[in-house]
1. Holding the Cα-Cα limit at 29 Å, pick out from Lys43/Lys196; Lys43/Lys333; Lys43/Lys175 the pairs that are longer than that.
2. Could you tally the net charge around Val253, taking each other residue with its Cβ under 11 Å from the Cβ of Val253, Lys/Arg +1 and Asp/Glu -1?
3. Can you compute the charge dipole magnitude of segment 1-107 about its Cα centre, using +1 on each Lys and Arg Cβ and -1 on each Asp and Glu Cβ, nothing else charged? Give it in debye, rounded to the nearest 20.
4. Among 243-253, 55-65, how do they line up by average Cβ neighbours within 10 Å per residue, starting with the highest?
5. Please list, short to long, the whole-number percent of alpha-carbon pairs of segment 293-357 in consecutive 10 angstrom bins beginning at zero.
6. Starting with the highest mean, order 261-273, 303-315 by the number of other Cβ atoms within 10 Å, averaged over the residues of each peptide.
7. Evaluate E = 1/(1 + (r/R0)^6) for Glu237 and Phe68, where r is the Cβ-Cβ distance and R0 equals 56 Å; express this FRET efficiency to the nearest 0.05.
8. For segment 1-97, what % of the accessible area comes from carbon and sulfur atoms, probe 1.4 Å?
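The values are calculated or read from the model by the stated rules, or taken from the named source; none is laboratory data. Keep in mind that what you see is a predicted model, and the values were worked out from it rather than measured. Reconstructed Cβ throughout: ideal geometry from the backbone, glycine too, with neighbour counts over all protein chains shown. To get the accessible areas, we keep the full protein, side chains included, count just its heavy atoms, and leave off ligands, DNA and RNA. Shrake-Rupley method; radii C 1.70, N 1.55, O 1.52, S 1.80 Å.
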Amino acid sequence: MKRWSLPVALAVCIFLKFILFDVIWSSDTTFQSFSQPESYLIKGAIALLLAFPTVFFRSRWYAGIVCFLLDILLVANLMYWRTYYTAIPWNSYFLAGNLADFMGSVYASVRWCDGLFFAMTLGLLFYTSRYGDLLSSRSETRCRAVWFAAGFLICVVATMGLTFARGGFQRSYEKRNTCATPTFTVFGTLCYEFVKESMSITPEIHSEIERWLSAASRSYPVSGVEHRRHCVVILAESFEGWMLERNVEGKEVTPYLNRWLKDSCTLYAPRVQTQVRGGRSIDAQLLVNTGLLPIANGAYSIRFPNHRYPSLAKALKQACGEKGRMIGMTSDKRIVWNQQGVAMAFGFDRLYDEKSFTKEERMGVRKGWAIIRFCNSVPRK
């Protein structure tokens, strides 16, 4: 076996990891990415780039670390995909602390096929165990470096040519929908998010927005609703509307919600197209409290926590005068999705988080705490 088997084996291993990622991802949607030439070219370029350092120093430590980190990245995105049908947004990598209270969902997203990535890494280390520290002459090293660099440049140039022939990177990415990440890899998805965030609102885009708002500005008065002094908005995360008004073995699934639906003061809209993006459940607060749509990339609560939002809470406070008091409650920690910051931006006077509740009973499969009643610090009136 030739001495340069470590660089080649590492490049092949990385390339096959991307192919395995595509197979698992596409098994739930479409295998269209496998018919795209740039899909293989991009994977080849990344594999050659990551394996290039081993041409100069034969370190299995480097190969193992690179493969292990790549395994974590690919498996994490597959787990995210199984729930939200999208790759992990760039900003969400910095919000990993949000998972602390949802580890049950994380474990449920793991599949046996995810272990194949780590098995490939172990196989690479075993295969190259006898060649990790072998050195070659300077001429041989230069020759191999030229081959790797030439292969990388060919892949990059060919990818750029195909991409620009199809209208550019952004347009080519958006046309592929769910198969965009398998085609351009996870790194391509991150590049797309960077391109979108760096775009500025041009006068043409601004005028188009103004025309749309002008055409869509209508008044929808609500009539026949009894006037009351209190307004309670309840957001139930991951709640499925089909459970309402249904019976199982003669018993109502949601008896209290069914009772509220029949109340004359309840506004019920059963047919709603979800607008929450990228698995960001905090988008629901934005939609309900402000009527605004979520931003394209990242979480608004992290990127724009101090924005001046028009909100239901501010409108109610203005209508009620000085006596109006807006209270927000969440069963999570206030730092999850920066809920404390956006609650204040929405005009709430105070946000009560999980520390404001008394936990008296464990329930559920994982014996999580059920919130039974408020602490004494919460005002009763």
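1. Lys43/Lys333
2. -2
3. 580 debye
4. 55-65, 243-253
5. The distribution over segment 293-357 is 22, 46, 29, 3, given as percents.
6. 303-315, 261-273
7. Efficiency, from the Cβ-Cβ distance: 0.95.
8. 71 percent
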